[in-house]
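Notes follow the structure.
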Amino acid sequence: MNFTGERVVPGKTPENVYQEHVARYNFALSYAAGKSVLDVACGTGYGTQILARVAASVLGIDIDEETVLYARRNFPHVKVTYRVGDICKLPLPDESVEAVTCYETVEHVADDRGCLREIYRVLKPGGLCLISTPNRAVFSPGKSFGEKPHNVFHYREYTLAEFMNLLAGYFQKVGVFAQYADQIWPLKGLSTEERKKYSPAPPVTPHFFIAVCRKEQPPEKVDKVIEDRT
């Protein structure tokens, strides 16, 4: 499979970029342990296989059939299933998974709200969503929210405030972590006790934001919030 810059292809993607992605999946392990997990936009499957180390089961979904076939061949696991599917129309029933990983995906999707709405729909009450996105100030400096990012595969990129505002339309509890290379540390919305579990923030600008979101409010309340914001 060729590396185009859109998806990680182990052995072809630059090693530093690959390790950034691996770090996010390793970060997810404590949240995925013992749970039924959906890895949305799973790509080539390396991260889906990492999650299978601790999860009860993992479903990897990607919109590209060639990529799904590659994942099945190269990153199989007894607890993993790969399927072709659209993130804005997930082939799953309501409230069917306990955790979702959605890494470096919302910026690739034209309908970012539709993406989150589907993730919320398939999560069980109390379920967790881990979602990451690049920091626009780093990857598209000087660009505003409405402008095309430098990355040709991105529809938009977010500041921290924009990212949190998007997530707040669907999730009551959102904690955001920062990432630089393979370092991840608390940034916003976490308690003092939660912060104590992690190393202090390094003196660098975050390259990525990783949000940990919990599904708490009923769907009808979410719908009302979205209507109020449109």
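The values are calculated or read from the model by the stated rules, or taken from the named source; none is laboratory data. Keep in mind the model is a prediction, meaning the values are calculated, not measured. Virtual Cβ from ideal backbone geometry, glycine too; neighbours counted across all protein chains shown.
Among the residues of segment 152-185 satisfying the criterion of being of a type in the set (Val, Ile, Thr) and assigned to a loop (DSSP other than H, G, I, E, B), which is nearest to Thr4 (Cα to Cα)? Show your work before the answer.
Step one: filter segment 152-185 for residues of a type in the set (Val, Ile, Thr), giving 152, 159, 174, 176, 184.
Going one step further and asking which of them are assigned to a loop (DSSP other than H, G, I, E, B), we end up with 152, 159.
Details: Val152: 11, Thr159: 25 Å.
Among those that are of a type in the set (Val, Ile, Thr) and assigned to a loop (DSSP other than H, G, I, E, B), it is Val152.
For segment 118-130, the criterion of a residue being modelled with pLDDT of 95 or more, closer than 20 Å to Pro206 by Cα and either charged (D, E, K, R) or out of contact with any strand residue (DSSP E or B) (no Cβ under 7 Å at 6 or more places or on another chain) (or both) is satisfied by no position.
Cβ-Cβ under 6 Å, sequence separation 6+ or interchain: first residue in segment 44-71 and acidic (Asp, Glu), partner surrounded by fewer than 22 Cβ atoms within 10 Å (Cβ to Cβ). Which pairs? Every condition considered, the pairs that remain are Asp62/Val68; Glu65/Val84.
Of all residues assigned to segment 190-208, at least one qualifies as being aliphatic (A, V, I, L, M), surrounded by 15 or more Cβ atoms within 10 Å (Cβ to Cβ) and closer than 24 Å to Gly47 by Cβ. Evaluated against (1) in contact with a Gly (Cβ under 9 Å, 6 or more places away or on another chain); (2) within 21 Å of Ile210 (Cβ to Cβ); (3) surrounded by fewer than 22 Cβ atoms within 10 Å (Cβ to Cβ), Asp64 falls short on exactly one condition, (2). Of the residues examined, Gly5 is one that is modelled with pLDDT under 95 and part of a loop (DSSP other than H, G, I, E, B).
Step by step: first the residues of segment 82-141, then only those that are small (Gly, Ala, Ser) and outside any helix (DSSP H, G or I), then the one that is nearest to the chain's Cα centre (by Cα). Which residue is that? Before the answer, list the steps.
Step one: of segment 82-141, the residues small (Gly, Ala, Ser) are 85, 96, 99, 110, 114, 126-127, 132, 137, 140.
Then keep just the ones that are outside any helix (DSSP H, G or I); that gives 85, 96, 99, 110, 126-127, 132, 140.
Numbers: Gly85: 16, Ser96: 18, Ala99: 11, Ala110: 16, Gly126: 17, Gly127: 14, Ser132: 4, Ser140: 20 Å.
If we take residues in segment 82-141 being small (Gly, Ala, Ser) and outside any helix (DSSP H, G or I), then Ser132 is nearest to the chain's Cα centre (by Cα).
Filtered by the rule that a residue be farther than 22 Å from Phe209 by Cβ and touching a Gly at 6+ places or on another chain (Cβ under 7 Å), segment 29-53 gives a lone residue, Gly45.
For every residue, the table says whether it meets (1) surrounded by fewer than 24 Cβ atoms within 10 Å (Cβ to Cβ); (2) not hydrophobic (A, V, I, L, M, F, W, C).
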{"position": "Tyr31", "(1), (2)": "yes, yes"}
{"position": "Leu38", "(1), (2)": "no, no"}
{"position": "Gly43", "(1), (2)": "no, yes"}
{"position": "Thr48", "(1), (2)": "no, yes"}
{"position": "Val58", "(1), (2)": "no, no"}
{"position": "Val68", "(1), (2)": "yes, no"}
{"position": "Pro76", "(1), (2)": "yes, yes"}
{"position": "Arg83", "(1), (2)": "yes, yes"}
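Remark: pairs (first residue in segment 15-28, within 16 Å of Ala211 (Cβ to Cβ); second residue surrounded by 20 or more Cβ atoms within 10 Å (Cβ to Cβ) and among the hydroxyl-bearing types (Ser, Thr, Tyr); Cβ separation under 7 Å; 6+ apart in sequence or on different chains) = Arg24/Tyr103; Arg24/Ser132; Ala28/Thr101. Scanning segment 148-167 for residues that are surrounded by fewer than 15 Cβ atoms within 10 Å (Cβ to Cβ) and over 13 Å from Glu107 (Cβ atoms) yields a count of 2.
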